[in-house]
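One structure below.
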Amino acid sequence: MNIVDRIGQEHMRKNIPPFKAGDTVRVHVKIKEGEKERIQIFQGVCIKRVNRGIGSTFTVRKVSSGVGVERVFSLHSPAVDQVELMTVGRVRRAKLYYLRKLSGKAARIREKRAI
């Protein structure tokens, strides 16, 4: 392990649930408006996950007022307060870019059921 990875280990979060593409997540994001700070929730389907240590990111997609909205979050950012795992999706791809073309019921992801 080189020195950059060792320094990154100190700043990495430990309280993030294991999730992957296809899972529905709820991200609590800190929003600063003037001098006040509040938490805004962004809930949607994780369509992409990039694992690069301290530079890990994930992309969440939701449909708001009929318009698809995607946000890229840094996993270890101080702006991300909390990540909650809502449902575990059953998908066969690592990147779900095909969801961008689908709408309505076609864009649903099957839920993984416990056996």
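Does Arg38 satisfy the condition of being touching a strand residue (DSSP E or B) at 6+ places or on another chain (Cβ under 7 Å), loosely packed, with under 11 Cβ neighbours inside 10 Å and either at pLDDT 95 or above or not hydroxyl-bearing (Ser, Thr, Tyr) (or both)? Please lay out each step first, then the result.
Details: touching a strand residue (DSSP E or B) at 6+ places or on another chain (Cβ under 7 Å): yes; loosely packed, with under 11 Cβ neighbours inside 10 Å: yes; either at pLDDT 95 or above or not hydroxyl-bearing (Ser, Thr, Tyr) (or both): yes.
Against the criterion (touching a strand residue (DSSP E or B) at 6+ places or on another chain (Cβ under 7 Å), loosely packed, with under 11 Cβ neighbours inside 10 Å and either at pLDDT 95 or above or not hydroxyl-bearing (Ser, Thr, Tyr) (or both)), Arg38 qualifies.
I'm trying to understand the selection: among the residues of region 103-115, which are aliphatic (A, V, I, L, M), assigned to a loop (DSSP other than H, G, I, E, B) and free of Cβ contacts under 8 Å to residues at least 24 places away in the same chain?
Ala114, Ile115
Determine which member of the set Glu10, Glu70 is acidic (Asp, Glu) and part of a helix (DSSP H, G or I).
Step by step, each of Glu10, Glu70 is checked, and only Glu10 is acidic (Asp, Glu) and part of a helix (DSSP H, G or I).
Could you look through region 39-49, keep only residues that are more than 10 Å from the chain's Cα centre (by Cα) and among the hydrophobic types (A, V, I, L, M, F, W, C), and pick out the one that is farthest from Val83 (Cα to Cα)?
In the first step, residues of region 39-49 are kept if they are more than 10 Å from the chain's Cα centre (by Cα); the result is 39-41.
Applying the additional criterion that residues be among the hydrophobic types (A, V, I, L, M, F, W, C) yields 39, 41.
Values: Ile39: 12, Ile41: 10 Å.
Once the filter is applied, the top-ranked residue is Ile39.
Which residues, counting only those in region 73-102, are over 15 Å from the mean Cα position of the chain (by Cα), part of a loop (DSSP other than H, G, I, E, B), exposed (fewer than 15 other Cβ atoms within 10 Å of the Cβ) and in contact (Cβ under 8 Å) with a residue 12 or more places away in the chain?
Correct list: Arg90, Arg93.
Restricting to region 13-46, and then to whatever is small (Gly, Ala, Ser) and assigned to a loop (DSSP other than H, G, I, E, B), can you tell me which residue is farthest from Ile109 (Cα to Cα)?
So the residue we want is Gly34.
The values are calculated or read from the model by the stated rules, or taken from the named source; none is laboratory data. Since the structure is predicted, the reported quantities are computational estimates derived from the model, not experimental observations. Note that we place each Cβ from the backbone using ideal geometry, even for glycine, and neighbour counts take in every protein chain shown.
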